[in-house]
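Read the structure below first, then the notes.
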Amino acid sequence: MTTTAKPKRKWRSWYLKQLHTWHWVSAAISLVAMLLFSVTGITLNHAATISAKPETIERSGTLPAPLVAQLAGRSGDAPLPDTVADAVQAAVQLDAHGKPGEWSDGEVYVALPRPGGDGWVSIDRTSGTITAEVTDRGWISYLNDLHKGRNAGTAWFWFIDIFAAACVLFTLTGLLLLQLHARHRPSTWPIVVAGLVLPALIAIFLIH
């Protein structure tokens, strides 16, 4: 073996080890979430045939008079004062802290959408009467909304970005591993090309 072949072999061994390491690390990070997103991809694709029975619960309560006074002089999309939001949460078990409100002369309305359901709170600015409603569309709807990142908050927003980055890393390292092993597996590139051509043909000829 020549002296130039040894460094080349050493470099290839290090490169292959790095690819395998990053491939399995990215696979481990994205495994469970990838399974979740794959399953919810199927449920979203068949959303019209998966029946759901929303359950709606109505709740009510009354603000103490000192807190009703805090509703005066507000307009636009200002959130509820913290003390009012605390009282609302105690009365109807809905967290309206920091959520924008719709202020009119007679009431303030706060929309509280969430994954797999909906909710809202309305407060009469004169009497302090609290009216609330919570709708639950079931766990399939909940998972579908997580798939879409709908009303899931900042933490889930960043989780999706991190998960997507792990999937990209998993895919690219897999592609490089395919390249390294392709000469021993003649069907590698025809299958890869088929994976590109098939959806492209469907998009061009069968999607209108």
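Where a number appears in this text, it was derived from the coordinates with a stated rule and is not lab data. This one's a predicted model, so the numbers in the text were calculated from it and none came from an experiment. Quick reminder, even Gly has a Cβ in these numbers, built from the backbone with ideal geometry, and neighbours come from all protein chains shown.
Taking only DSSP H segments of four or more residues, each worth -39500 (n - 2.57), what value at 222 nm results for the chain once the sum is divided by all its residues, to the nearest 500 deg cm²/dmol?
Working: 6 runs with 113 residues, N = 208.
Helix-only estimate at 222 nm: -18500 deg cm²/dmol.
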Task: Whole-Hz ³J(HN,Hα) from phi, Karplus 6.51 cos²θ - 1.76 cosθ + 1.60, for the range 68-82, glycine and proline x - done: 4, 4, 6, 7, 6, x, 10, 7, x, 10, 5, x, 5, x, 4
Open item on the list: Between 0 and 90 degrees, rounded to the nearest ten: what's the tilt of helix 5-45 against the longest Cα principal axis of the chain?
Closed with: 40
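To the nearest µm²/s, what D does Stokes-Einstein give for the range 55-137 at 37 °C and 0.692 mPa s, using the Kirkwood radius over alpha carbon pairs as Rh?
Working: Rh = 12.5 Å.
The calculation lands on 262 µm²/s.
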Task: Cα centre as origin, Lys/Arg/Asp/Glu Cβ charges: the range 55-137 dipole, Debye - done: 120
- [ ] Using only the Cα atoms of the chain, construct the convex hull and provide its projected area averaged over every direction, in square nanometres to one decimal.
- [x] 19.2
Task: Residue among Thr188, Pro115, Tyr142 farthest towards the positive dipole end of the chain, charges placed on Cβ - done: Thr188
- [ ] Give the angle, between 0 and 90 degrees and rounded to the nearest 10, that separates the Cα long axis of helix 188-205 from the longest principal axis of the Cα atoms of the chain.
- [x] 40
TODO: Could you give the size of the charge dipole of the chain about its Cα centre, using +1 on the Cβ of each K and R and -1 on the Cβ of each D and E, expressed in debye and rounded to the nearest 20?
DONE: 2300
- [ ] Please express the Cα-Cα pair-distance distribution P(r) of the range 1-63 as a list of whole percents, one per 5 Å bin, running from 0 to the bin with the greatest distance.
- [x] 4, 12, 9, 10, 8, 9, 9, 8, 8, 6, 5, 4, 3, 3, 2, 1, 1, 0
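Given the convex hull of the Cα atoms of the range 165-208, what is a quarter of its surface area in nm²? Don't jump to the answer; show the numbers that get you there.
Values: hull surface 15.7 nm².
With the hull built on Cα positions only, its mean projection is 3.9 nm².
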Task: the range 12-74 versus the range 96-164: alpha-carbon centroid distance in Å - done: 14
Task: Shape box of the range 141-195 [Cα atoms, principal axes, largest first, Å] - done: 47, 20, 12
